[in-house]
Structure formats: structure tokens, C-alpha cells
1. What angle do you read, to the nearest 10 degrees and between 0 and 90, between the alpha-carbon axis of helix 163-175 and the longest principal axis of the chain?
2. Could you tell me how many degrees, from 0 to 90 and to the nearest 10, lie between the Cα long axis of helix 548-562 and the main elongation axis, the longest principal axis, of the Cα atoms of the chain?
3. Sorted by mean Cβ packing within 10 Å, highest first, what order do the peptides 553-560, 141-148 take?
4. Please report the relative contact order for region 250-325, taking Cα pairs under 8 Å with a sequence separation of at least 6, and give it as a percent rounded to a whole number.
5. Would you kindly state how much longer the chain becomes between Arg287 and Arg563 on full extension, computed as 0.36 nm times their sequence separation minus their alpha carbon distance, in nm to one decimal?
6. Evaluate the charge dipole of the chain about its Cα centre and quote only its size in Debye, nearest 20, assuming +1 on the Cβ of each Lys and Arg and -1 on the Cβ of each Asp and Glu.
7. What's the extension gain from Asp592 to Arg367 if we count 0.36 nm per residue and subtract their Cα-Cα distance?
8. Given contacts defined as C-alpha pairs under 8 Å and at least six residues apart, what's the relative contact order of region 184-298, whole-number percent?
Amino acid sequence: MMREFASVGVVGLGTMGTGIVEVFARNGIDVVAVEVAEPALERGRATLTGSTDRAVAKGKLAAADRDALLARVDWQVGLDALHSVDLVIEAVPEHLDLKQRIFAELDRVCKPEAVLATNTSSLSVTEISVATTRPNQVLGIHFFNPAPVMKLVEIVRTVVTSAEVVADVEGLCKRLGKVDVTINDRAGFIANALLFGYLNHAVSMVEARYASREDIDAAMKLGCGLPMGPLALMDLIGLDTAYEILDTMYRRGGRDRRHAPVPLIKQMVTAGLLGRKSGRGFYTYERPGSPVVVPDEQTPAGAESTLGAGVRGITKVGVVGSGTMATGIIEVFAKAGYEVVSVTRGAEKSAKLFEAVKTSLNKGVVRGKLGEADRDAALGRITWSATLEHLTDVDLVVEAVIEELSVKKALFASLDEICKPGVVLATTTSSLPVIDVAMATQRPADVVGLHFFNPAPVMPLVEIVQTIRTSAETTATARAVCADLGKTGVVCGDRSGFIVNALLFPYLNDAVKMLEASYSTADDIDHAMKLGCGYPMGPFDLLDVVGLDVSLAIQRELYLELREPGFAPAPLLEHLVTAGYLGRKSGRGFRDHTRR
Ligand SMILES: NC(=O)c1ccc[n+]([C@@H]2O[C@H](COP(=O)([O-])OP(=O)(O)OC[C@H]3O[C@@H](n4cnc5c(N)ncnc54)[C@H](O)[C@@H]3O)[C@@H](O)[C@H]2O)c1
């Protein structure tokens with residue numbers, strides 16, 4: 001017989017605790033909500049009232065249901081109030097000694113058959129459980145933030161947790177409408193083990209002034225479809241909590257340097273910049289607890305209007321190349337009203353390229369996104385050429401030829417001879433150092449990376465890569481052009497992987513290492529990232545789409561340039577590529593696509 005769990009206790013009513021109270025009360029379960037003192041209790045109550053009032057205002061919850069929900073919660077100071085609940089979930093700050101003390105006390109207060117759970121993100125559930133006399137009734141129930149929204153729950157069993165208790169809690173999670181994955185007790189479990197290295201890396205980019213907070217966040221949202229950028233997520237998690245999680249993962253998880261908290265995090269915590277909950281973290285919020293970002297000294301109101309300063313006028317654009325990226329980029333510029341000169345290596349290639357651009361524009365017409373007259377006007381703006389000499393009077397050249405440094409350098413040397421002074425020379429390289437290309441010319445200040453994403457007409461993001469020689473005017477011009485194309489241009493330094501690939505691929509590689517270590521299955525890992533973090537695809541889904549060979553090549557580049565031991569490609573990834581399992585394109589990668 002499955003245990004019922006008619007009443008639960010929640011200890012600690014901060015970011016997570018209040019959300020967890022709401023999850024239970026919404027599902028008809030009585031909750032005893034416990035804090036250490038009256039003011040914190042009041043804060044928790046106010047957060048829950050605010051959250052449920054917003055749900056009513058948005059029409060997501062009936063007023064009567066809100067009232068019933070609130071009536072199910074019994075607010076109490078002190079653990080003694082938990083004497084008769086069937087299950088307790090602890091959500092106090094991430095400190096082992098504090099949690100152990102609370103568990104010892106819960107063991108004394110709660111009835112013998114009660115199940116005791118921790119919401120810890122990174123601490124050892126086993127170490128917490130041995131503070132009680134009933135470690136077989138202790139487990140981790142790890143909710144995700146915000147708890148009422150995120151579907152995933154990680155259930156963490158220790159070597160002594162009884163199978164019956166795990167099954168009972170799995171049943172409870174289903175009743176709460178959650179999807180659970182049950183795993184063993186390892187630092188960071190699935191989702192945080194894959195998430196926090198990425199978050200810490202993003203913070204290191206801010207600390208090094210590699211890119212701005214807004215640009216890093218926009219890059220990951222628009223380049224990967226993530227629901228929020230890493231710095232906004234740090235603010236949501238809380239920087240104090242994130243610090244403790246990283247610190248614990250570093251110590252428990254084999255001292256991986258990527259988990260050693262970036263010093264900036266500690267400084268911000270010391271300065272009271274904890275994120276949303278304190279009204280200020282990486283961003284500034286309307287007031288403590290509010291999700292609304294307001295302008296601050298880093299980005300004052302009206303900052304965008306200065307974009308026009310020092311920008312060169314661009315009306316005519318050369319695009320060199322005839323592959324997938326060149327095709328998309330030609331279309332993007334022509335549709336935005338620029339005169340385009342396309343240069344390929346021969347008339348035959350130009351003819352094919354013309355057909356490809358026309359076909360793509362026609363698709364837009366069929367889908368009702370582009371009028372026939374606009375299509376014709378766009379095509380009319382393009383000149384098709386097989387000689388670089390036709391680029392003498394363009395204002396901007398975008399190079400999208402094969403990803404080989406010698407070829408790109410030779411091309412830039414020729415452009416340097418042919419193009420007029422003041423032209424912006426851009427490369428779309430996704431992996432080569434832009435400075436190498438720039439130094440093939442006598443005008444490195446005019447050279448910039450413009451990293452479009454595939455398919456260029458659809459993807460809203462462009463990474464603008466400035467080398468140590470790129471002038472501020474060139475970068476400002478690149479930003480203005482991207483804005484004019486309707487794209488978001490994010491500016492970053494000239495390092496392997498720029499922003500998106502540098503943050504994305506190590507995470508994918510870590511997922512492969514986790515699978516290789518048999519900690520979990522590809523399905524559960526994909527689930528965890530989709531349902532726990534709101535990612536549009538899980539890592540194995542994505543690896544199969546991107547291609548395992550492409551992913552391995554990018555990861556190797558990152559490893560070679562940054563010499564970070566944690567970036568070493570996962571042996572399993574190398575083996576799959578050697579075996580010809582390249583993903584969807586070869587019919588098999590992490591999954592078999594021939595039978596789907
Ligand atoms: N923030 C996240 O995104 C997130 C996500 C999943 C899990 N977690 C985990 O949840 C736990 C709580 O994190 P948080 O972010 O909600 O922290 P928080 O700092 O927002 O809230 C902690 C609350 O615990 C209360 N508290 C402290 N000592 C107490 C005691 N002795 N008795 C009762 N209450 C006490 C504090 O007053 C505070 O309200 C941590 O273990 C954390 O790792 C956090």
C-alpha cells in the first residue's frame with residue numbers, strides 16, 4: 001500500500017521553501033510552514049500571498065481556490081510544530097552543519113514513521129541522514145526554482161534509503177503533477193552538476209569584462225533558446241545560495257576548477273548583492289523580490305540612443321562565399337534593403353547560389369511572410385559576381401568561405417588591396433581567431449567578427465567579435481548594422497567559442513561524461529535539463545542534431561585554446577565519432593534515428 005502523505009512540513013521559507021509550500025497546498029495537501037523567527041515567517045507568508053494573488057490576477061487560479069490554498073497552510077515558528085506531519089522537506093541555507101542540526105531535531109520531534117527530506121542542491125544526503133536515528137527514512141527531494149512552475153523533481157536515495165520510501169515519494173511527486181528522476185547521492189545530482197559549471201563560467205566572463213551581462217544573457221537566450229540567461233538565473237537562484245552550491249560541488253566533486261566559485265560571486269555576496277531577493281545582484285530590480293529589472297549605472301535609461309555615435313554609414317555590402325551561411329547572409333542583407341554584391345569562385349557557383357537564395361525567398365512568400373514584390377525587390381538588390389574586383393566600392397564585406405585559416409587569410413589580404421579605405425571587413429568564422437585574419441590586412445582596426453547563426457534568416461543572434469586591434473567605431477558600426485537587420489548583436493572578445501559555444505559545448509561534454517560514468521541515462525539527463533531548467537532540448541537531443549563530429553571539433557578547440565582540464569573531450573564522444581555515429585545526419589548518434 002502506497003503511503004498517503006496527508007500532511008507535510010516545510011522548514012525554511014526562503015526562495016525555495018515558499019515555492020514548495022505552494023506546490024503542496026495547491027495539490028490539496030495540508031502544510032505546516034516553519035521558520036526560525038517571526039519576521040522570516042511573515043516574509044514567507046507575504047511571498048505566498050503575493051504569488052497566489054498574481055495567479056488570480058492572471059486568471060490562472062480562482063479566488064476561491066486561492067483562499068482554500070492559503071487556508072491549508074499553518075504558519076509556525078520552531079520545529080516543534082512538526083510533531084504530527086507525515087513528511088518534512090527542509091529548505092534552509094546550504095550549510096551541512098545547519099542541516100545536520102535540523103535533522104537531528106526533526107528526528108526528535110517528528111513521529112517515528114515520518115519521512116524526512118532535504119531540498120539540498122549539492123550537499124551529501126547521506127551525511128545529513130546520519131544525523132538522525134532513521135537514515136533509511138531520509139532522502140533528497142530536490143525541487144527546481146521556481147518550484148510551482150518547474151516540472152522536475154530529483155529524488156535522491158542514499159545507500160540506506162529504503163526502497164519503499166523512495167517508491168512512496170515517487171508516488172507523491174506524480175500526485176503533485178511533477179516528473180521525477182531517481183538518482184544516487186552525488187554532488188549536484190543531474191541538473192546542477194551540468195548547470196553550475198556553466199553559470200560559473202558565465203560569471204567569469206563578466207568578471208574578465210569579456211562581454212557585458214546583457215550580451216551574455218541575450219546570447220544564451222537567443223542562440224540556444226534558453227528561458228533566461230545565466231546571469232539573470234544567478235540572480236533568481238540567489239548568489240549566496242549559488243556560492244554555497246559551487247563551493248560544495250568543488251569540494252565534493254573532485255575539485256574541478258570550473259566549480260571553484262569565481263571571486264566576483266563572493267564579493268557580491270559580501271556586499272549584499274544577493275540577486276532578486278535583495279533587489280540587486282548582476283541586475284538591479286524594482287524592489288527586493290521583484291522580477292522587474294530597472295536601469296542602473298551600468299546600463300542607464302536611454303543607453304541605446306547613444307548607439308549612433310561614431311557609426312559608419314553602410315549601404316552596400318559584399319558577401320564572399322557560396323555555402324549555407326553565405327546564402328542566408330545574402331538573403332538577410334537583401335531583405336533589409338542593402339545593396340548586395342555576392343562573390344563566389346565561379347559563374348557556376350554563382351548560378352547555384354542565386355537559385356538557393358531565390359528558393360529560400362520563395363519559401364517566405366509561400367508561408368506568407370514576404371510579399372512577391374518584396375521578394376523581387378530583394379533579388380533585384382543583389383549583384384552576382386565571380387571576382388573580388390567588384391568589391392571596390394562596398395562599405396562592408398562579410399566573408400563566409402571555408403573554415404580554413406590559410407584560405408581566410410589569403411582572402412583578407414586580397415580584400416585589403418581591393419576595398420576602399422574605411423570599409424568594415426567582417427569574418428563569419430565560428431572557431432578561428434579573428435585577430436589572425438585581421439593581421440593579414442594592413443587595417444586590423446577595421447576587421448571584426450560577425451558570427452551569424454544557422455539558419456541566418458531565422459536566428460535572431462549575431463556575435464560581434466572584437467579583437468584587441470578592432471576600433472570602437474568598427475564595433476559600433478557592426479552593432480548598428482545588426483540592429484538594422486533586426487538581429488541582436490552581442491559584443492565579445494576574440495576567444496575560442498565566443499560566448500555561445502564557449503558556454504554551451506562544455507555543458508554538452510559534461511553530459512556525455514555523466515552518461516559515460518553511468519550516473520544516469522540519456523533520457524533522464526535530457527528530462528532533467530528540459531523540465532528542471534526549461535531548456536528547449538536535452539543535451540543528447542541537441543548533440544544528435546548538431547552532429548557529434550561538429551561538437552567534438554568545437555570542444556577540442558576550446559580545450560586546446562583554454563587548456564582547461566575539465567574541457568577535455570569525453571572519451572565516449574570521441575568513440576562515437578570514430579564509430580561513425582554522428583547524430584541524425586548519419587542515422588545514429590546517442591540515439592538510433594532510423595527507427596523513429
Ligand atoms: N535557490 C535555488 O534556486 C534552489 C533550487 C533548488 C534547491 N535549492 C536548495 O534549497 C535550500 C534553500 O535554498 P534557498 O535558495 O531557498 O535559500 P534562502 O536563503 O532563500 O532561504 C532559506 C530560509 O531558511 C530559513 N532558515 C534558516 N535557518 C533556519 C532554521 N533553523 N529553521 C527554519 N528556517 C531556517 C531562513 O530564514 C530563510 O528564509 C538550499 O539547500 C538550496 O541549495 C535552492
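The values are calculated or read from the model by the stated rules, or taken from the named source; none is laboratory data. The model shown is predicted, which means the values in this text are computed figures rather than measured ones. No Cβ is skipped: glycine too gets one built from the backbone with ideal geometry, and neighbour counts run over all protein chains shown. Just so you know, the surface numbers come from the protein's heavy atoms only, side chains and all, with ligands and any DNA or RNA stripped out. Shrake-Rupley method; radii C 1.70, N 1.55, O 1.52, S 1.80 Å.
1. Helix 163-175 and the main axis of the chain meet at about 60 degrees.
2. That works out to roughly 90 degrees.
3. 141-148, 553-560
4. Details: 51 pairs, mean separation 9.0, N = 76.
Contact order relative to length: 12 percent.
5. The Arg287-Arg563 span can extend by a further 95.2 nm.
6. 800
7. The span from Asp592 to Arg367 would gain 77.8 nm if fully extended.
8. 22
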